[in-house]
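Data block below; observations after.
The values are calculated or read from the model by the stated rules, or taken from the named source; none is laboratory data. Not measured: the values here are computed from a predicted model. Cβ sites come from the backbone with ideal geometry, for glycine too, and all protein chains shown count toward neighbours. For the accessible areas, the whole protein counts, side chains as well, though only heavy atoms, and no ligand, DNA or RNA atoms are used. Shrake-Rupley method; radii C 1.70, N 1.55, O 1.52, S 1.80 Å.
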Protein chains: 2
Amino acid sequence: MHAKAVCHVLGHEQLARLGPVMHVRTLSGGAVLYHEGDRARGVFTIRQGMVKLYKLLDGRCQVTGFALPGDLIGLAQDDRYAHSVEAIEGAELCCWEQHRFCGVLNAFPPMKHAVLERSLLELATVQRQLLLLGRKTARERVATFLLQMAARVCRGRPNFIPLPMSRTDIADHLGLTVETVSRTFTALRKEGLIDLGDRRGARVLSFDGLRAVAEP
Amino acid sequence: MHAKAVCHVLGHEQLARLGPVMHVRTLSGGAVLYHEGDRARGVFTIRQGMVKLYKLLDGRCQVTGFALPGDLIGLAQDDRYAHSVEAIEGAELCCWEQHRFCGVLNAFPPMKHAVLERSLLELATVQRQLLLLGRKTARERVATFLLQMAARVCRGRPNFIPLPMSRTDIADHLGLTVETVSRTFTALRKEGLIDLGDRRGARVLSFDGLRAVAEP
DNA sequence: CGAAGTATTGATAGGGGTCAAGCTCGGTGG
DNA sequence: CCACCGAGCTTGACCCCTATCAATACTTCG
């Protein structure tokens, strides 16, 4: 939940009565916010930038998701974080102390409701990712990924998808290798579906074509 | 949330005042409870048996999970189910009418809290599955699956894992083919890690060995 | 401009998919 | 009771998609 959203639900006067429950923090690119298995002391919302959530297994990495401005991260069921978080580019976060945050949730039912809704949305997203990882080809994965990112971040220029994460991060998100991601990007470019002028972004030339590749 | 758990949180006298919010329903093996995309009218808890949750993509199938007695299914964020549900063996469910269930949640904060906790637990489980599908080998996937099932269902006989689902269901859960699942089971058997006397179950001969295969 | 990290491209190989053939076992009917 | 049948499971042979290994370009930054 974004701080603004929290304020919206609570109202500023109520929030003021709660005292200083939140503070802002900045992360530079590559900085780690917390590690999987750490005791969960804080909950965070993204204000600026992008972070990746990931799990490690003896050298192998699975990026479970990317968090963008407005996203809530760090909620844990068993007071241990279930994944690690690292900033992809400079990021700015709202930090909520864990049980203060829970206190707010308990004090304001609409907040708790909103958090539940978000968790269910997140669940649906992750389950779509299961289908991608379990059953889609490399081409389909990359095309799906581009469409997902387009849906999330393309405010303003509707064709341009910012891709601040590295090719390795994309590969680790899609269950592929860097080489396969790179080759697939090239293939989609040669087919005229995307333009890769900037390396940290892609311009979509045919959403229909991309959709056709993503879900045959 | 299991009906019993609901009763536990609410207390029977409170529940009685709510009127008939719940009824019981049985499904025979292979019966479909609902399809992905259907308008979400009900929420369900499993009383008996096992059901599979799955998503389809032009013939391909991804089983996102198996629900066991006590599990809550059918919560949707956008009033459309995010997956299909089919009974694996005869199953018995508690059915809650969707907005009645939400009414109960709103009336009893501890219930809503419990549902949030469950959703977060579910989220953590699914994210572990992302790591499995994105980064584990067939051997690791099968071994991990066996350990997961052992942790969930082995009350009583600690070594025996009931596997009421078909090999195809297991394959669709692990992002593999039936053949690979079968070959891998055979390999683990020949290595002395499991015994496959019954086809709808497995006896674990070495949990340590299985763990070593699951997470190298 | 040089160095180091990141991305692309090429050549090769292997893990798991595909296709096809037996095997098992529970159910059915003579 | 048992022969038969069919669905599900196992095993084998072969192949393909993607991983791996290696070399080359590009980009960023001191």
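Using a 10 Å cut-off on Cβ to Cβ distances, tally the other chain neighbours for every residue of B:111-121 and report the average as a whole number. If you can, show how the numbers build up before the last one.
On the way: counts 0, 6, 5, 0, 4, 9, 3, 2, 10, 10, 4.
What the average comes to for B:111-121 is 5.
Using θ = phi - 60° and the Karplus form 6.51 cos²θ - 1.76 cosθ + 1.60, what ³J(HN,Hα) does each residue of the range B:70-78 get, whole Hz, x for Gly and Pro?
x, 7, 9, 9, x, 5, 10, 7, 10
Between B:GLU97, B:GLU36, B:GLU179, which gets the highest mean-square fluctuation from a Gaussian network model of chain B, Cα cutoff 10 Å?
In the Gaussian network model the winner is B:GLU179.
Given a Förster distance of 22 Å, report the FRET efficiency between B:ASP195 and B:GLN48 from their Cβ-Cβ distance, rounded to the nearest 0.05.
Calculated transfer efficiency: 0.25.
State which stretch of chain B is the longest one without any exposed trypsin sites (Lys or Arg not before Pro), exposure meaning a DSSP loop state and at most 16 other Cβ atoms within 10 Å.
B:42-154
Below 8 Å between Cα atoms, with a sequence gap of 6+, how large is the relative contact order for chain A in percent?
20 percent
Once you've got the GNM for chain B with C-alpha springs shorter than 10 Å, pick whichever of B:ASP71, B:ASP169, B:ASP38 has the biggest mean-square fluctuation.
B:ASP38
How far is B:ALA107 from the same spot in each other copy, in nm, shortest first, if each label point sits 7 Å from Cα toward Cβ?
Sorted ascending, the copy-to-copy spacings read 2.8 nm.
Hey, what's the protein assembly as shown come to in accessible area per residue, 1.4 Å probe, Å²?
That works out to 45 Å² per residue.
Would you kindly work out the equivalent ellipsoid of the range A:77-216 from its C-alpha gyration tensor and give its semi-axes, the square roots of five times the eigenvalues, largest first in whole Å?
Values: eigenvalues 219, 54, 49 Å².
Ellipsoid half-lengths, sorted descending, are 33, 16, 16 Å.
Can you give the helix-only mean residue ellipticity at 222 nm for chain A, where every DSSP H stretch with n ≥ 4 adds -39500 (n - 2.57) and the sum goes over all residues, rounded to the nearest 500 deg cm²/dmol?
Numbers: 8 runs with 96 residues, N = 216.
Value at 222 nm, helices only: -14000 deg cm²/dmol.
Roughly how many whole Å is it from the C-alpha centroid of the range B:25-56 to that of the range A:133-154?
Here the two parts' Cα centres lie 28 Å apart.
Taking a cut-off of 40 Å, what percent of all Cα-Cα pairs in the protein assembly as shown are separated by more than that?
Details: 19402 of 93096 pairs.
Tail of the P(r) past 40 Å holds 21 percent of the pairs.
Where the label is 7 Å out from Cα toward Cβ, how close does A:ALA31 come to the same position in every other copy, in nm, shortest first?
Result for A:ALA31, in nm, nearest copy first: 5.7.
Counting only Cα, what are the radius of gyration and maximum Cα-Cα distance Dmax of the range B:3-132, in Å?
My reading of the Cα-based Rg and Dmax gives 14.9, 49 Å.
Can you tell me what the convex hull of the Cα atoms of the range B:73-148 projects to on average, as an area in nm²?
Approximately 6.9 nm², given one-decimal rounding.
Total Å² of accessible surface buried at the B-A contact, 1.4 Å probe, nearest 100?
Numbers: alone 11690 and 11680 Å², together 19480 Å².
Interface between B and A: roughly 3900 Å².
If amide H atoms are built 1.01 Å from N in the plane of the peptide, which residues on other chains or at least 5 residues away come under 5 Å of the amide H of B:LEU205?
B:ILE194, B:ASP195
Rounded if a/c is under 1.5, else prolate if a/b is larger than b/c, else oblate: which is the range A:136-214, with a ≥ b ≥ c the root eigenvalues of its Cα gyration tensor?
Since a/c stays below 1.5, the shape of the range A:136-214 is classed as rounded.
A drop of at least 40 square angstrom in accessible area, chain alone versus all protein chains together, probe 1.4 Å. Which residues of the range A:73-95 meet that?
A:GLN77
Using amide H atoms built 1.01 Å from N in the peptide plane, name the residues 5+ places from B:LEU33, or on other chains, whose amide H lies under 5 Å from its own.
Amide H neighbours of B:LEU33: B:VAL85, B:GLU86, B:ALA87.
Please compute the modelled spin-label separation between A:SER166 and B:VAL21, points set 7 Å along Cα→Cβ, answer in nm with one decimal.
Taking the two extended label points, one gets 5.1 nm.
Please report the net charge: other residues with Cβ closer than 9 Å to the Cβ of A:TYR54, K and R +1, D and E -1. Write out the running numbers ahead of the final one.
Values: positive: A:LYS52, A:LYS55; negative: A:GLU36, A:GLU86, A:ASP169, A:ASP172.
Neighbourhood net charge equals -2.
So what's the net charge close to A:LEU147: Lys and Arg +1, Asp and Glu -1, counting the other residues with Cβ under 15 Å from its Cβ? List each step's numbers first, then the result.
Details: positive: A:ARG128, A:LYS136, A:ARG139, A:ARG141, A:ARG152, A:ARG203, A:ARG211; negative: A:GLU140, A:ASP208, A:GLU215.
Value of the local net charge: +4.
Return the carbon/sulfur percentage of the accessible area of chain A, one whole number, probe 1.4 Å, all protein chains in place.
Whole-percent figure for carbon plus sulfur exposure: 51.
Please enumerate, by chain and number, the aspartates and glutamates with C-alpha under 14 Å from the C-alpha of A:LYS55, excluding those fewer than 8 residues away in the same chain.
A:GLU36, A:ASP38, A:GLU86, A:ASP169, A:ASP172, B:GLU215
Pull up the cross-link candidates among the lysines for B:LYS112, meaning alpha carbon to alpha carbon under 24 Å and not fewer than 8 places away within one chain.
Filter leaves A:LYS4, A:LYS112, B:LYS4.
Springs between alpha-carbon pairs under 10 angstrom, Gaussian network model over chain B: which of B:GLY175, B:GLY65, B:GLY197 fluctuates most?
Taking springs between Cα atoms under 10 Å, the residue moving most is B:GLY197.
Provide an ascending nm list, one decimal, of label-point separations from A:ARG203 to the equivalent residue in each further copy; define each label point as 7 Å from Cα along Cα→Cβ.
Counterpart label points of A:ARG203 in the remaining copies fall at 6.7 nm.
How much FRET efficiency would the formula 1/(1 + (r/R0)^6) give for A:GLN98 and B:LEU121, where r is the Cβ-Cβ distance and R0 is 25 Å, rounded to 0.05? Don't skip to the end; give the middle numbers.
Numbers: r = 17 Å, r/R0 = 0.67.
Efficiency for this residue pair is about 0.90.
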